[in-house]
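Below is one structure, written out as structure tokens, with a few remarks after it.
The values are calculated or read from the model by the stated rules, or taken from the named source; none is laboratory data. No experiment lies behind these values; they were computed from the predicted model shown. All Cβ positions, even for glycine, are placed from backbone atoms using ideal geometry, and neighbour counts span all protein chains on display.
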Ligand SMILES: Cc1cc2nc3c(=O)[nH]c(=O)nc-3n(C[C@H](O)[C@H](O)[C@H](O)COP(=O)(O)OP(=O)(O)OC[C@H]3O[C@@H](n4cnc5c(N)ncnc54)[C@H](O)[C@@H]3O)c2cc1C
């Protein structure tokens, strides 16, 4: 069956595009992704910088609301991954002025459409050390803009050696009592100006030839553990106090020396990988796999294929900027389909 428009990805960019296209009467189909419907924000706790929520909102709740809003305007959801996209029919000036695309999903089914919005986000690279997954959202973070505010007057560690790591570390000196940037090599990939700025910042310490080997947590003081209790005949199990980051284990890669460093937060800034491999044969990407779009727009190199959010944007990487780009992609697709 041929659809008007298919959106790939269910983060803020994809859901926003669906809301606009649904309200435009175009009956969008949204392929959510099989493993992470709702996108990156379902992995976080409180979101304090999305406009409209003065008291903050939990990431999964925000994404549920976006989904509900998209559903209200008629979006059809498919909980699967798109494995590949191909153009199956070229544009024909007479009958079909736009090319037709076929999307193959992981379950073997296929979908066809003349317009596609790619909103598949990016995956941050992880350290892969013990404690990282368990303490994610409780001191382990991948976004200084999002979470720096939570660590006022606390010691902070940043891991990475590129410009983003330095930018994050310098930004975090506004909040933390100290910031230690840890890098596994003896020199940095970051530009010299960033390194100079970091070296002249009294709050920032640079630790080279060092790797993090484990992240440890301690029970949160704010929410202490409670024993098992019975209320109105209902047995509630003992609650374990949530763990927050308390320290990390480190190892010097040159000498092999090991040690422990106390910290309240670990910001991992070792890069992102845009989720675009499945469509790299159809649209142009840059060397790192980010989809390239026409300046100020969302048009990719393939007619009828638009892209929005973190799979395009290596700079801003915020929920609100992804949502804004999802809106633009929807309006671009709508104009393309109705031209
Ligand atoms: C831990 C954490 C905390 C954050 N906190 C904040 C915050 O407080 N405030 C803020 O503004 N931003 C925050 N961010 C950043 C924000 O989450 C991202 O900028 C935003 O989610 C990007 O939206 P997106 O729609 O481009 O992509 P994503 O949210 O990454 O969504 C992409 C979607 O595409 C799907 N997908 C991928 N490949 C395929 C495929 N082949 N087929 C089908 N589906 C596919 C995925 O499953 C996912 O659902 C945080 C990020 C992280 C990781």
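Structural remarks
- All positions within the range 151-174 that are over 19 Å from the mean Cα position of the chain (by Cα) and under 12 Å from residue 264 (Cα atoms): 151, 152, 153, 154, 155, 156, 157
- The range 299-313: number of residues that are part of a loop (DSSP other than H, G, I, E, B) and within 12 Å of the ligand (Cβ to nearest atom): 3
- Residue under evaluation residue 235, criteria (1) modelled with pLDDT of 95 or more; (2) assigned to a strand (DSSP E or B), criterion not met: (1)
- Checked across the range 269-277, the condition of being under 19 Å from the mean Cα position of the chain (by Cα) and over 30 Å from residue 104 (Cβ atoms) holds for at least one residue.
- There is at least one residue in the range 66-75 that is out of contact with any helix residue (DSSP H, G or I) (no Cβ under 6 Å at 6 or more places or on another chain), free of Cβ contacts under 8 Å to residues at least 24 places away in the same chain and surrounded by 15 or more Cβ atoms within 10 Å (Cβ to Cβ).
- Residue check, residue 187 modelled with pLDDT under 95, exposed (fewer than 14 other Cβ atoms within 10 Å of the Cβ) and within 17 Å of residue 159 (Cβ to Cβ): yes
- Output for the range 76-92, where each listed residue is closer than 13 Å to residue 304 by Cβ and either in contact with a helix residue (DSSP H, G or I) (Cβ under 6 Å, 6 or more places away or on another chain) or not assigned by TED's automatic domain parsing to the domain that holds residue 118 (or both): 85
- Residue 62 vs. criteria in contact with a strand residue (DSSP E or B) (Cβ under 6 Å, 6 or more places away or on another chain), more than 6 Å from the ligand (Cβ to nearest atom) and more than 17 Å from residue 121 (Cβ to Cβ): no
- Flag if residue 230 is modelled with pLDDT of 95 or more, outside any loop (DSSP other than H, G, I, E, B), more than 26 Å from residue 44 (Cα to Cα) and in the same structural domain as residue 150 (by TED's automatic domain parsing): no
- Test: residue 212 is modelled with pLDDT of 95 or more, touching a helix residue (DSSP H, G or I) at 6+ places or on another chain (Cβ under 9 Å) and surrounded by 14 or more Cβ atoms within 10 Å (Cβ to Cβ): no
- Considering the range 256-291, the residues that are without any contact (Cβ under 8 Å) to a residue 12 or more places away in the chain and in a loop (DSSP other than H, G, I, E, B) include one that is surrounded by the fewest Cβ atoms within 10 Å (Cβ to Cβ), namely 287.
- Of everything in the range 314-335 that is out of contact with any strand residue (DSSP E or B) (no Cβ under 8 Å at 6 or more places or on another chain) and modelled with pLDDT under 95, the residue that is nearest to the ligand (Cβ to nearest atom) is 318.
Residue-by-condition table, conditions (1) over 18 Å from residue 279 (Cβ atoms); (2) more than 8 Å from the ligand (Cβ to nearest atom):
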| site | (1), (2) |
| --- | --- |
| 6 | no, yes |
| 12 | yes, no |
| 18 | yes, yes |
| 40 | yes, no |
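- Count of the range 41-60 residues which are over 16 Å from the mean Cα position of the chain (by Cα) and surrounded by fewer than 17 Cβ atoms within 10 Å (Cβ to Cβ): 6
- Number of residues in the range 108-131 that are within 12 Å of the ligand (Cβ to nearest atom) and at pLDDT 95 or above: the value is 7.
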